[in-house]
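Let me begin by presenting the structure, written as structure tokens, before commenting on it.
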Amino acid sequence: MQYYLAIDIGASSGRHVLGWIEDGKLRLEEVYRFENGLQKRDGHLIWDTQRLFAEILTGMKRCREVGKIPTSVGVDTWALDYVLLDEDNQLIGETYGYRDSRTQGMDELVYRHVPEAELYAITGIQKQLFNTIYQLMAVKQQHPEYLKQAKTFLMLPDYFHFLLTGKKVQEYTNATSTQLVNVRTREWDRELLERLGYPEKLFEALAMPGTEVGRLTKEIEQEVGYSCQVVLPATHDTGSAVLAVPSLKEDTLYISSGTWSLLGVEQKEPICTEESRQANFTNEGGYAYRYRYLKNIMGLWMIQSVRRELPEHYSFSELCDLAREN
């Protein structure tokens, strides 16, 4: 039996799910789940990437414990957030969460270099103040030395794949969320990077889901107790969710619910008109260069926040029951 491990990390929790084919049917088993959430440090919201990677390894060890060794593994997360690495592959600065306030006012600085309407026509990505393009402008303004020190830019799933394999691969679907990928060429827009003053050397050729990154390093192999291949999923979690929908046609609406809810369609061509920009629709990159044309809607962030703030630890179902009673 061949098993395949999907590691899906969201803003409130992560889970390790094994999949395999048995009697002609896809079987799924959740083998591990863990809590996640932003932490406050020195007035900023940050992700504890060290703990998240430790949780990734713990879940991989659980596969060995249940006797189901995966043939391959891949990690997806939310979009937008990234790390910068120096020449020794060490993290530069904190790993900020996209909800951190440091991007306030960065949109106006970006538009001095690239007007908002032109930016949408180039990238097809809606304006959200926490998009990576604005996060990097915050770095340029507040910590310009970070960009000078940096040798590598990796979105969070790419970083976790690097820690597993020692290989640096930048995946396409998540890269499109940065608002730095050209919606037509489907690669980093070099002219856009130059105009913004972001070092081009940080951005390598993009890889499509299904690309083999490499096998686990010897150190990771020894820790988890087995070796397997790391294969890129759609590392943007919504990209993976939509890819899993069977027989999705261009006239079929989907909704993918988590911290955010995403409502849209999948199509072969982007829509980058001024009308589309004004309506704040986005064209996220999907598998095989399809486009997820969608609208971001408030999802479960409110109930997740309530759960974190209460002194007692309630499950989501318990919170719903309490709300009905009151």
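Couple of notes before you dig in:
- Restricting the first member to the stretch 198-213 and to residues that are in contact (Cβ under 8 Å) with a residue 40 or more places away in the chain and under 18 Å from Tyr159 (Cβ atoms), and the second to residues that are outside any helix (DSSP H, G or I) and aromatic (Phe, Trp, Tyr), the beta-carbon pairs closer than 7 Å and six or more apart or on different chains are Leu202/Phe153; Phe203/Phe153; Phe203/Trp188.
- Taken together, Tyr98, Tyr82 contain a single residue that is out of contact with any Ser or Thr (no Cβ under 7 Å at 6 or more places or on another chain) and of a type in the set (Phe, Trp, Tyr), which is Tyr98.
- Just one of the listed residues (Lys68, Lys61, Lys140) is among the basic types (Lys, Arg) and assigned to a loop (DSSP other than H, G, I, E, B), namely Lys68.
- Number of positions in the stretch 83-110 that are small (Gly, Ala, Ser) and buried (at least 17 other Cβ atoms within 10 Å of the Cβ): 1
- Selected residue (only one of Leu180, Leu156, Leu193 is within 21 Å of the chain's Cα centre (by Cα), over 21 Å from Glu116 (Cα atoms) and of a type in the set (A, V, I, L, M)): Leu156
So that you can scan it fast, the table gives a plain yes or no per residue for (1) of a type in the set (A, V, I, L, M); (2) closer than 24 Å to Ala279 by Cα:
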position: Pro70; (1), (2): no, no
position: Thr77; (1), (2): no, no
position: Ile92; (1), (2): yes, no
position: Leu109; (1), (2): yes, yes
position: Ile125; (1), (2): yes, yes
position: Ala150; (1), (2): yes, no
position: Leu164; (1), (2): yes, no
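- From the options Gly258, Gly285, Gly239, residue that is of a type outside the set (A, V, I, L, M, F, W, C) and at pLDDT 95 or above: Gly285
- Residue among Asn296, Asn280 that alone is under 19 Å from Thr178 (Cβ atoms), under 22 Å from the mean Cα position of the chain (by Cα), modelled with pLDDT of 85 or more and not in a helix (DSSP H, G or I): Asn280
- For the stretch 155-190, the tally of residues that are out of contact with any strand residue (DSSP E or B) (no Cβ under 7 Å at 6 or more places or on another chain) and among the β-branched types (Val, Ile, Thr) stands at 2.
The values are calculated or read from the model by the stated rules, or taken from the named source; none is laboratory data. All of these numbers come straight from a predicted model, not from anything done at the bench. Glycine gets a Cβ as well: all are built from the backbone with ideal geometry, and neighbour counts include every protein chain shown.
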